[in-house]
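The values are calculated or read from the model by the stated rules, or taken from the named source; none is laboratory data. Because the structure is a prediction, the values reported are computed rather than measured. Here the Cβ positions follow ideal geometry from the backbone for every residue, glycine too, while neighbour counts run over all protein chains shown.
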Amino acid sequence: MKPLVIISGPTAAGKTKISIELAKRIKGEIISADSMQVYKYMDIGSAKITEEEKEGIPHHLIDVLDPASEFNVATFQALAKNSINDILSRGRIPIVVGGTGFYIRALLYDTDFSESSGEISDIRSRLEEEARTKGPDFLFERLRAVDPESCEIIHKNNIKRVIRALEFYEETGEKISTHNETMHERPSPYDFAYFVLTKDREKLYADIDKRVDIMLEKGLLDEVRHLKEMGLSRENTSMQGLGYKEILDHLDGQLSLEEAVYIIKRDTRHFAKRQLTWFRREKDVIMINKSEFRDDEAILEMMTDVLKQKEIL
């Protein structure tokens, strides 16, 4: 089977630094599993790794799409599989890094996204119109009535995923949460090690708040203003990301800057909590609470020991 290393965890868990150091040790290359870093021009709000921070380690699926483009789990899966094959062909080890657990699961268990029929576009159009006219709460409560399990991991403001879950239910009569679990039971085509980094909750939340402050200092306002001048709006998938939609609302006069920052911090903390809920439900993950290790070196030693035990190294 193909070797694969995964480093995931909630926002602000410290995935970037650990992944770079591990890649150096195991001759790895990094594939981003992030739904925002794939877009060009969206650097600050996505906490995109800089060229200096890469330290010469090749990165894939970063800065590959225009922000007006659609990006979803099926697209990610296809691009990531291509990157994995490319990396392996050069005798190196692919390391998938990011906090989008749904994307990682789709890649790891080769989820089949071919079940859609032609009627799906009509369903989606109707649901999108209902979202525009009746608001996200209306659709979210409809989803709760038919698939409460999905509501535990999808935020009500993630309109795309709420619509997709309802769309799937209307088309197939099956809950998308049940479908995803069924796909999860499939054997993985990879010989993998799946690490999930986290830290004590108070420390994690404090680091999230600090991270938002740093984004503002680096020029998040100007970045969103530039994207708006490019013609982007909340209609674009890219602009629905945390940090972007709130600053866009501020620039549109709907929120004060103070209100926007408060919402970004609050919703990012809530997002991190949902991420951890997702990862704890995944099978075969190795949870690493950074607060329980003396330093990053100890974490890296543990990771390499695991990779040797699994004969990935």
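Quick notes
- Taking residues in the stretch 187-202 that are small (G, A, S), and partners anywhere that are assigned to a helix (DSSP H, G or I), the pairs with Cβ atoms closer than 6 Å and at least 6 places apart or on different chains are S188/L108; A193/V306; A193/L307.
- Test: R225 is among the basic types (K, R), farther than 25 Å from R274 by Cβ and touching a helix residue (DSSP H, G or I) at 6+ places or on another chain (Cβ under 7 Å): yes
- T277 being modelled with pLDDT of 95 or more, under 24 Å from P10 (Cβ atoms) and part of a helix (DSSP H, G or I): no
- Residue among S19, S69 that is surrounded by 20 or more Cβ atoms within 10 Å (Cβ to Cβ), within 28 Å of E246 (Cβ to Cβ), of a type in the set (S, T, Y) and out of contact with any Pro (no Cβ under 9 Å at 6 or more places or on another chain): S19
- Selected residue (criterion: modelled with the lowest pLDDT) from residues of the stretch 85-104 that are surrounded by fewer than 20 Cβ atoms within 10 Å (Cβ to Cβ) and assigned to a helix (DSSP H, G or I): F102
- Subset of the stretch 10-39 [assigned to a loop (DSSP other than H, G, I, E, B) and in contact with a strand residue (DSSP E or B) (Cβ under 7 Å, 6 or more places away or on another chain)]: P10, A13, G14, K27, A33, V38
- Unmet criterion (only one of (1) under 27 Å from Y39 (Cα atoms); (2) in a helix (DSSP H, G or I); (3) modelled with pLDDT of 95 or more) for Q254: (2)
- Listed conditions (1) of a type outside the set (G, A, S); (2) assigned by TED's automatic domain parsing to the domain that holds T304; (3) under 24 Å from E167 (Cα atoms); (4) surrounded by fewer than 19 Cβ atoms within 10 Å (Cβ to Cβ) are all met by P58, apart from (3).
- Residues within the stretch 116-156 that are in contact with an Asp or Glu (Cβ under 9 Å, 6 or more places away or on another chain), of a type in the set (S, T, N, Q) and surrounded by 16 or more Cβ atoms within 10 Å (Cβ to Cβ), tallied: 0
- Residue that is farthest from I49 (Cα to Cα) [pool: residues in the stretch 214-233 that are surrounded by fewer than 13 Cβ atoms within 10 Å (Cβ to Cβ) and charged (D, E, K, R)]: E229
- Counting only residues that are within 18 Å of D34 (Cβ to Cβ) and out of contact with any strand residue (DSSP E or B) (no Cβ under 9 Å at 6 or more places or on another chain), the stretch 238-249 holds 6 of them.
- Qualifying position, being within 25 Å of Q240 (Cβ to Cβ) and of a type in the set (D, E), among D112, D147: D147
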